[in-house]
Each structure stands twice: as C-alpha cells, then as structure tokens.
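First the structure, in the form of structure tokens, and then the observations on it.
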C-alpha cells in the first residue's frame, strides 16, 4: 500500500539526480585543462581553490533569492585564475565536454525515474540550475524524455526557496501543492520551500526537521512510498 498518492512528483537535480562529487571532479579537471592551455600566475592547487572561492562568492552575492547564472559565474572564475580573458567560444565547449564526461547519477536515480514514468504521475524538475546545463545533465543520463515539465531558476529568475519556483512548477503540472511531492537534498531550499506551498517533502541527504515528511537513504525507496515497489 502506498504511503503517499501524489498527482505530481518533482525532482531536484544537483545532489539528488546527479552526484555533486562528480560535478566537483569535473570542475577540477576543467581548471587543470585551462592551465594546460592558457597562461596563469597560479599553481594548480591555488588555481582550483581560487576557482571554488570565486564561484562561492559569486553565488552568495545575489540579491535575496534572485538567481545568478552559473555560466556568468564560470566566466568570472576563469578571469580570476588566468592571466588574460578567454572567449566563451573557446572555454564553453571544453567545459561541456568535461562536464558530460564526469557527471554521474546517484545510484538508483535513473531506474527510479524510469519506473515512475510508467505510473500516472506528472514528473517534473525544480532545480536551481541554468536551463542548458540542467537539460544537458538529464540528456546525458538518458532521463529527459521521462519528465513532463522542467522548471529552472534561470527561467524563473529566482532560486529556491522562493515560492515562485514552486508555483511555476505546480502551474505547469496543473496541480495544487497538496497533490505534489518534492524530492530534494537541501532542507532550507527544497524542504522548507516546498512545505510552504503544502507539498509533501521527501528528503534525500537533507537534514531532518519539521518540513520533512519522509526521509530516504536510497532513491529506490521512493517507489515504495508511492506503491510501485516490485
């Protein structure tokens, strides 16, 4: 018997569908590739640390929940670690290639998404990600076709927990919050944001708290929650 019976199930991408460690590994190789191709005053270890610090400062520098694109953050970080600027046409293909090579889904993510697509749910994405970057990840894992809607922070202009992210996704699905589930890995952004609109929350790696309805250690457990376990 299903613990929950939703009409729509929404997924975060980073930290849920994709392993964040694999993205970080890709960033490391990208920085090393830049250093091999262009001049930099920094040794590799310092360049990587500068890359990470610059991106962190960039994303923290937004106004409230206003979204700042990762693409622009990468440009800023590249300028910080190299002696001169690099054209987008030169670094973006390299970044995308390395990004695709390193990106790995969490264990059970692809299988669970595919199985859920066989049910009568609206499957959607709600993610703080650039449009193209998120789409590429889903395509890389072969799951884009299973999602009925895709809501990115770049498209909405705001990041979670801004209610506009969840309202946009719910409107696309044609459901109310009480009919939907949000699967996320961050308590403040995913759990509290979704809970504020009455959505059922499923935490995967997120800390526990009053905004969490269910907690799963493996993504396949979601199939049990909705009554689709074999």
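Listed values, structure above:
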{"quantity": "Tally, over the range 150-168, of residues that are assigned to a helix (DSSP H, G or I) and closer than 17 Å to residue 61 by Cβ", "calculated": "2"}
{"quantity": "Selected residue (only one of 56, 64 is under 25 Å from residue 101 (Cβ atoms) and either in contact (Cβ under 8 Å) with a residue 60 or more places away in the chain or out of contact with any helix residue (DSSP H, G or I) (no Cβ under 7 Å at 6 or more places or on another chain) (or both))", "calculated": "56"}
{"quantity": "Extreme residue, surrounded by the fewest Cβ atoms within 10 Å (Cβ to Cβ), among residues of the range 171-203 that are in a helix (DSSP H, G or I) and in contact with a helix residue (DSSP H, G or I) (Cβ under 8 Å, 6 or more places away or on another chain)", "calculated": "177"}
{"quantity": "Which numbered condition residue 141 fails, given (1) more than 30 Å from residue 101 (Cα to Cα); (2) touching a strand residue (DSSP E or B) at 6+ places or on another chain (Cβ under 8 Å); (3) surrounded by fewer than 21 Cβ atoms within 10 Å (Cβ to Cβ); (4) at pLDDT 95 or above", "calculated": "(1)"}
{"quantity": "Total residues in the range 30-52, condition within 20 Å of the chain's Cα centre (by Cα) and surrounded by fewer than 16 Cβ atoms within 10 Å (Cβ to Cβ)", "calculated": "1"}
{"quantity": "Matching entry among 167, 135 (being surrounded by fewer than 21 Cβ atoms within 10 Å (Cβ to Cβ) and out of contact with any strand residue (DSSP E or B) (no Cβ under 8 Å at 6 or more places or on another chain))", "calculated": "167"}
{"quantity": "Candidate set: the range 86-108, residues that are touching a residue at least 40 places away in the same chain (Cβ under 8 Å) and surrounded by fewer than 18 Cβ atoms within 10 Å (Cβ to Cβ); chosen: the one nearest to residue 154 (Cα to Cα)", "calculated": "96"}
{"quantity": "Leading residue by the ranking (surrounded by the fewest Cβ atoms within 10 Å (Cβ to Cβ)) among those in the range 67-85 that are part of a loop (DSSP other than H, G, I, E, B) and in contact (Cβ under 8 Å) with a residue 12 or more places away in the chain", "calculated": "84"}
{"quantity": "Of residues in the range 204-213 being out of contact with any helix residue (DSSP H, G or I) (no Cβ under 6 Å at 6 or more places or on another chain) and modelled with pLDDT of 95 or more, the one farthest from residue 182 (Cα to Cα)", "calculated": "210"}
{"quantity": "Residue within the range 187-203 that is modelled with pLDDT under 95, within 18 Å of residue 15 (Cβ to Cβ) and not assigned by TED's automatic domain parsing to the domain that holds residue 60 present", "calculated": "no"}
{"quantity": "Residue that is under 30 Å from residue 181 (Cα atoms), at pLDDT 95 or above and part of a helix (DSSP H, G or I), where the choices are 21, 57", "calculated": "21"}
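Let's see how each residue does on (1) part of a helix (DSSP H, G or I); (2) free of Cβ contacts under 8 Å to residues at least 60 places away in the same chain; (3) outside the structural domain of residue 156 (by TED's automatic domain parsing):
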site: 48; (1), (2), (3): yes, yes, yes
site: 51; (1), (2), (3): yes, yes, yes
site: 110; (1), (2), (3): yes, yes, no
site: 115; (1), (2), (3): yes, no, no
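The values are calculated or read from the model by the stated rules, or taken from the named source; none is laboratory data. Keep in mind the model is a prediction, meaning the values are calculated, not measured. No Cβ is skipped: glycine too gets one built from the backbone with ideal geometry, and neighbour counts run over all protein chains shown.
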